[in-house]
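Undergrad: Take a look at the following structure, please.
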Amino acid sequence: MKPSHPFLVLLGPLISGFIGLFSEAALNIALPDFMGIFRISAATVQWLTTGYLLVVGVLLPMSSLLVRWFTTRQLVFTTQVAFVVGAVVSGLSGSFGMLLVGRLIQGIATGILIPLIVSTAVAAFPPQRRGRAMGLIGLVLMFAPAISPVVAGLILELASWKWIFWMMLPFVVASFIVSVIFLRNVREITRPHVDVASIVLSTAGFGLFVFGLSSIADQGWSSPLVYGSLVVGVMALVLFVRRQLRLTDPVLDVRAFTRRNFSVAAATIFVNGALVLSVIYLIPMYLQQGLAVGALAAGLVMLPGGLVNGVFSVWAGRATDLHKPWVLARIGFGVAIVGGLLFLLIGAGTPIWLLILAHSVVMVGVPIAMTSGQTYGLNSLPSSLGADGSTIVSTLQQIGGAVGTALGANLLSVGTQSAPPVATVAAATVTGVRYGFLCALVLAAVGLVLACLFRTPQHASAGDRREVTG
């Protein structure tokens, strides 16, 4: 039975999810400060990001198993405790090692919570109202990392970096109170058999794959550490998938991919995640290294795009419930292509307003494509595959983000090296960023092609038609 007020059920986890994704991006702007504070190298400080993404990447695929073993309330309260412990450890840290431990603890919370939010929405909302739920989730998943540079930059300007963590505590308390009052258990606990070999393969596969992607910016594609991690990670994932297909109670039921509509939608979510993270990575590089703009000013330049993203995430959710989601997905990627074309006009003497416009246009298209794709894909699955589908799309979004960041970093490096020898560091950076923006345009175009492959009711079989329309 669906809860009578599903939005209230989802509110507590959404607040916690906002904290997790804010934390994921906020610390990036403080990395140069940490190098000086702890007297460490760029390769070492990068573990604050790499380690966090590793933990998230390892735990995401486990979510569909966790929701079958523990209640929704138990999992949400566990993540809230982890956020508090991680924030306190990080806020009190006097060494880099202690700070890293705090970040990893918060990564545990985020890795559990992101797919849990989506699976809770699928269980709590009827199909005809899931678009609004996905829009609200999109507001959290994209708005938090969009505004985190501004908030983190302001904190660094006015106070100690430790306040990045202390400011999270009131939000965790608010999330806990709301969850105690409104959160309900929305899934049946079945406690299936836990296949240890699957967990080992999943941990090795996703962990090594995310580690390899995260190491590209520092090591480069030619590094044995990078391609070794990627190759071994992919091999472990292949073995993981094969094992899931043979198990009676799989850790992650990959049979969801046998549903054509879900598979295509999942691909668009992966591409969308890569698109948005590549842009979010490249813009600060252009501003701070290419134009010598400060951290706070760079964050303020990105703020309009973040606000636009939030507004259109909510609008896209309502529109998806009222209109054809496959049409909205095409519109979203089409708008993102326009933004990508505007990015190609960016150069050393480009006015800031053009950068803000390009970013804002992309941030209009991204939530429209993401929300409609998520809703369309998850509505194509039976309720028995809802938790697995939620885990898959959340995992693909995060891995897509890691791929987008890696592509952006690599193309930035290639473009910088291709600049004339007499070019300044700033001019070479601008050249590199243009290479990265071209990648963002290609990703938007690939997304549009995938969105055109969505099967409409007119071309679907009778069974598929029932799935598409919910």
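Undergrad: Inside segment 331-342, can you point out the residues that are under 16 Å from V446 (Cβ atoms) and out of contact with any Ser or Thr (no Cβ under 9 Å at 6 or more places or on another chain)?
TA: Selection gives G334, V335, A336, I337, V338, G340, L341.
Undergrad: Now for a separate question. Given the conditions (1) under 17 Å from the mean Cα position of the chain (by Cα); (2) farther than 19 Å from L282 by Cβ; (3) β-branched (V, I, T), and given that V449 satisfies all but one, which numbered condition is not satisfied?
TA: (1)
Undergrad: Can you say whether L54 is more than 30 Å from I189 (Cβ to Cβ), modelled with pLDDT of 75 or more and not acidic (D, E), as far as the supplied structure shows?
TA: Working: more than 30 Å from I189 (Cβ to Cβ): no; modelled with pLDDT of 75 or more: yes; not acidic (D, E): yes.
No.
Undergrad: Scanning for something part of a helix (DSSP H, G or I), within 24 Å of G389 (Cβ to Cβ) and open to solvent by 20 Å² or more (accessible area, probe 1.4 Å), does segment 285-303 turn up at least one residue?
TA: Within segment 285-303, none of the residues are part of a helix (DSSP H, G or I), within 24 Å of G389 (Cβ to Cβ) and open to solvent by 20 Å² or more (accessible area, probe 1.4 Å).
Undergrad: Check V314, V364, V335, V308 and return the single one that is open to solvent by 20 Å² or more (accessible area, probe 1.4 Å), touching a residue at least 12 places away in the same chain (Cβ under 8 Å), in a helix (DSSP H, G or I) and closer than 19 Å to Q128 by Cβ. If you could, list the steps in order and put the result at the bottom.
TA: Working: V364 fails: closer than 19 Å to Q128 by Cβ; V335 fails: closer than 19 Å to Q128 by Cβ; V308 fails: closer than 19 Å to Q128 by Cβ.
It is V314.
Undergrad: Between F257, F262, which is open to solvent by 80 Å² or more (accessible area, probe 1.4 Å), closer than 20 Å to L381 by Cα, of a type outside the set (A, V, I, L, M) and under 23 Å from the mean Cα position of the chain (by Cα)?
TA: None of the other options fit; the residue is F257.
Undergrad: Is it the case that L354 is farther than 23 Å from F270 by Cβ and outside any loop (DSSP other than H, G, I, E, B)?
TA: Taking the combined requirement at face value, the residue satisfies it.
Undergrad: Would you point out the residue of segment 230-254, among those that are closer than 27 Å to L412 by Cβ and not β-branched (V, I, T), that is least open to solvent (accessible area, probe 1.4 Å)?
TA: In this case the residue turns out to be G233.
Undergrad: Would it be correct to say that V403 is free of Cβ contacts under 8 Å to residues at least 40 places away in the same chain and open to solvent by 20 Å² or more (accessible area, probe 1.4 Å)?
TA: no
Undergrad: Could you tell me how many of the residues in segment 440-470 are open to solvent by 20 Å² or more (accessible area, probe 1.4 Å) and modelled with pLDDT of 70 or more?
TA: 11
Undergrad: State the number of residues belonging to segment 155-174 that are under 28 Å from D33 (Cβ atoms), modelled with pLDDT of 85 or more and surrounded by 12 or more Cβ atoms within 10 Å (Cβ to Cβ).
TA: Final tally of qualifying residues: 11.
Undergrad: Taking segment 193-219, which residues are more than 20 Å from the chain's Cα centre (by Cα) and open to solvent by 20 Å² or more (accessible area, probe 1.4 Å)?
TA: Selection gives H193, V194, V196, A197, I199, V200, L201, A204, D218, Q219.
The values are calculated or read from the model by the stated rules, or taken from the named source; none is laboratory data. In this text, all values refer to a predicted model and were calculated from it rather than measured experimentally. We place every Cβ from the backbone using ideal geometry, glycine too, and count neighbours over all the protein chains shown. These accessible areas exclude ligands, DNA and RNA; they are computed on the full protein's heavy atoms, side chains included. Shrake-Rupley method; radii C 1.70, N 1.55, O 1.52, S 1.80 Å.
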